[in-house]
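Read the figures in this text as sums done on the coordinates, not as results from a lab. Quantities reported herein were computed from a predicted structural model and do not represent experimental measurements. Heads up, the Cβs are rebuilt from the backbone with ideal geometry, glycines too, and the neighbour counts pull from every protein chain shown.
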Amino acid sequence: MNARNWFENRIPSQDGQQPCTLMHNIHKFTLVMDTLSRLEHGIF
């Protein structure tokens, strides 16, 4: 899965929401960035 697909698909760790729909709120933006950081470091 590439980054664009991940950003547009529903993600279980984001309560089944699309990360692209969470970017309008600073708290939700932080949750998306935390998830990306975990993926980058191999923490699932």
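Pairs only if they're at least six apart or on different chains, beta carbon under 7 angstrom, first in the stretch 3-21 and without any contact (Cβ under 8 Å) to a residue 24 or more places away in the chain and within 15 Å of MET33 (Cα to Cα), second acidic (Asp, Glu) and assigned to a helix (DSSP H, G or I); list them, first residue then second.
Listed pairs, sorted by first residue: GLN18/GLU8; CYS20/GLU8.
Filter the stretch 4-32 down to residues that are surrounded by 12 or more Cβ atoms within 10 Å (Cβ to Cβ), of a type in the set (A, V, I, L, M) and assigned to a helix (DSSP H, G or I), then give me how many there are.
The qualifying residues number 2.
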